Every structure is written in structure tokens, then in C-alpha cells.
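The values are calculated or read from the model by the stated rules, or taken from the named source; none is laboratory data. Quick caveat: nothing in here was measured; it's all calculated off a predicted structure. Note that each Cβ is placed from the backbone with ideal geometry, even for glycine, and that neighbours are counted across all protein chains shown. Only protein heavy atoms, including side chains, enter the accessible area calculation; ligands, DNA and RNA are left aside. Shrake-Rupley method; radii C 1.70, N 1.55, O 1.52, S 1.80 Å.
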2 protein chains.
Amino acid sequence: MARTIIENPTHCALTHAMNSIGSKWKPLIIYLLGIKSDGLPLRFGRINAILHYISKRVLVEQLKELETDGLIIRKRYKEIPPRVEYSLSEKGRALLPILENICEWSENHMGHVTFE
Amino acid sequence: MARTIIENPTHCALTHAMNSIGSKWKPLIIYLLGIKSDGLPLRFGRINAILHYISKRVLVEQLKELETDGLIIRKRYKEIPPRVEYSLSEKGRALLPILENICEWSENHMGHVTFE
DNA sequence: CTGCATCCACGCCGATACTG
DNA sequence: CAGTATCGGCGTGGATGCAG
């Protein structure tokens with residue numbers, strides 16, 4: 001390890017990772033696609049319903065970025081009305097253990113932190 | 001696991017975790033304090049110099065939030081000129097393996113992604 | 001040296017309406 | 001159903017100057 005060159009964002013693995021998954025919503029989307037749904041593809045409307053607190057416009061945007069970064073796979077069925085299903089790529093699935101670790105870390109260390 | 005209730009951000013461990021560490025800079029700061037410096041405390045000016053691409057105002061802000069969330073410890077020496085040293089708390093240190101995993105994940109999966 | 005205050009521009013994000 | 005288009009407010013962050 002220690003290949004991460006923190007002084008220069010352009011060559012910093014951590015920075016690059018954060019550009020892919022560091023947004024407010026992306027971890028939740030990946031978690032949803034990977035664990036909550038047992039890896040089954042989900043339609044846009046379903047994702048939108050579960051993550052109802054994310055506005056539609058932003059959800060579209062986040063999904064597009066995740067697809068561009070190779071974390072999720074977007075499959076479009078040529079039907080009317082249209083059907084689009086999202087699922088995790090291998091790269092996205094590789095992230096699941098890390099997200100689980102983050103959840104554990106969060107649960108183990110929330111002593112003094114008070115939520116509103 | 002699976003205690004994370006993704007439908008409701010208020011009771012979602014992943015969301016809470018992301019509120020603490022999901023910003024653009026916080027993982028880098030923690031990584032710097034924990035690994036790059038071998039856990040030794042760092043003065044503000046030194047952090048600012050290494051992470052030169054973060055503006056001073058934002059760095060102050062991020063450090064304050066990290067302290068509030070219990071991830072780092074701020075020690076102020078009553079000297080003139082003032083000296084302030086930052087180091088990781090136990091909670092912050094517990095995050096280091098996760099950050100390493102993220103780096104590995106990033107390095108293992110950057111095939112088709114092109115950086116500018 | 002470290003941190004705060006002020007100002008200001010830019011970008012994000014929600015709301016809404018519209019298309020195929 | 002799954003997006004796109006547009007607008008507008010508000011928050012975020014950079015620059016600068018000041019304080020302890």
C-alpha cells in the first residue's frame with residue numbers, strides 16, 4: 001500500500017475512489033442494489049421509491065455517474081412503457097464488504113453523537 | 001448486519017457514517033493523520049502545507065467537524081505564537097483499515113477509467 | 001501561527017413541466 | 001415509466017483581511 005500520494009490529488013487512489021463513491025447518495029444506492037435487494041436488478045421507479053428522499057433529478061444523475069464509473073449496469077428493455085433495470089457490476093459488488101465495514105464502524109462508535 | 005434502514009436516513013447507519021466521513025476532504029485528512037504521519041500529531045500549518053489544494057478556510061472547517069464528530073483530537077498549547085496539534089482518536093484510527101481497503105479497491109479496479 | 005469574519009461567485013439541488 | 005429541460009434559491013467554498 002501507501003501508494004496513495006496524498007499531496008497530489010491526480011495520483012491519489014483515495015481521491016479517485018472518493019470521486020466515484022464519495023457523494024452523499026452513491027453509497028446508499030450501491031448498498032441498496034447490492035444488499036437490500038440481494039443483488040437482483042431494480043427498476044428506476046423502485047429505487048426512486050425506496051430512496052424517496054433523493055430527488056428524481058439527482059437520482060438520475062447519480063445513476064448515470066455510477067454507470068459511467070463502471071459501478072452499476074444499466075439495462076434498457078425496448079418496451080412501452082419503457083423499463084430500465086439497474087444492477088451492480090463486479091466493481092460495484094467489490095465495494096459491498098467495505099460498505100458493511102463502514103456500517104459496523106458507525107454502529108460501534110456512536111456513543112456521544114446525538115442525532116437531532 | 002442489515003440493521004441499516006435505508007428508507008429512513010435518520011436511522012441509517014450508512015447515512016450517519018457518510019455524514020461524518022463522506023465529504024470530499026475528510027478521508028484524506030484522516031489518512032494523513034493516521035498513515036502518512038505514522039499517527040504522530042501534526043500541526044495545522046503542516047496539514048495545510050501537505051493538503052495544499054484545500055483552502056485554509058475549508059480545512060479549518062473540516063478539522064472542526066472531525067473533532068466534533070470525535071474522529072480527531074485537537075490539542076492546543078498555550079504558547080505564543082500558538083501551536084495546535086491534531087491527531088486521530090480511537091474512533092478515527094478504527095477507520096484506517098477501511099480507508100486502506102478503499103485504496104486497494106480503487107487500485108484494483110481502475111482499468112477503463114481515464115483521468116483527464 | 002492559528003483561526004475567524006466578511007464578501008461574493010459559482011454550482012448544486014429541488015420543484016416543476018414536458019417528451020418518447 | 002424513465003428520463004430531459006429549465007429556472008431559481010441557497011449553500012459551499014475561495015480570497016482576503018483581521019484578531020489573539
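Quick look at the values:
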quantity: Residue identified as modelled with pLDDT under 95 and surrounded by 13 or more Cβ atoms within 10 Å (Cβ to Cβ) among B:MET110, B:MET1; calculated: B:MET110
quantity: Yes/no for A:TYR86 being modelled with pLDDT of 95 or more, within 15 Å of DNA strand C (Cβ to nearest atom) and touching a strand residue (DSSP E or B) at 6+ places or on another chain (Cβ under 7 Å); calculated: no
quantity: Residue identified as away from DNA strand D (no atom under 16 Å from the Cβ) and β-branched (Val, Ile, Thr) among A:ILE80, A:ILE102, A:ILE73; calculated: A:ILE102
quantity: Tally of residues being open to solvent by 80 Å² or more (accessible area, probe 1.4 Å) and acidic (Asp, Glu) across the stretch A:59-78; calculated: 0
quantity: Residue list for the stretch B:4-34, restricted to those being over 22 Å from A:ARG46 (Cβ atoms), within 7 Å of chain A (Cβ to nearest Cβ) and either assigned to a loop (DSSP other than H, G, I, E, B) or open to solvent by 40 Å² or more (accessible area, probe 1.4 Å) (or both); calculated: B:GLY22, B:LYS24
quantity: Scope the stretch A:79-107; condition within 18 Å of B:ILE6 (Cα to Cα) and open to solvent by 60 Å² or more (accessible area, probe 1.4 Å); matching residues; calculated: A:ARG93, A:PRO97, A:GLU104
quantity: Any hit, the stretch B:59-71, residues being of a type in the set (Lys, Arg) and within 14 Å of another protein chain (Cβ to nearest Cβ); calculated: no
quantity: Extreme residue, farthest from DNA strand C (Cβ to nearest atom), among residues of the stretch A:45-58 that are at the interface with chain B (Cβ under 10 Å from one of its Cβ atoms) and open to solvent by 30 Å² or more (accessible area, probe 1.4 Å); calculated: A:ALA49
quantity: Number of positions in the stretch A:66-83 that are more than 10 Å from DNA strand C (Cβ to nearest atom) and at pLDDT 95 or above; calculated: 12
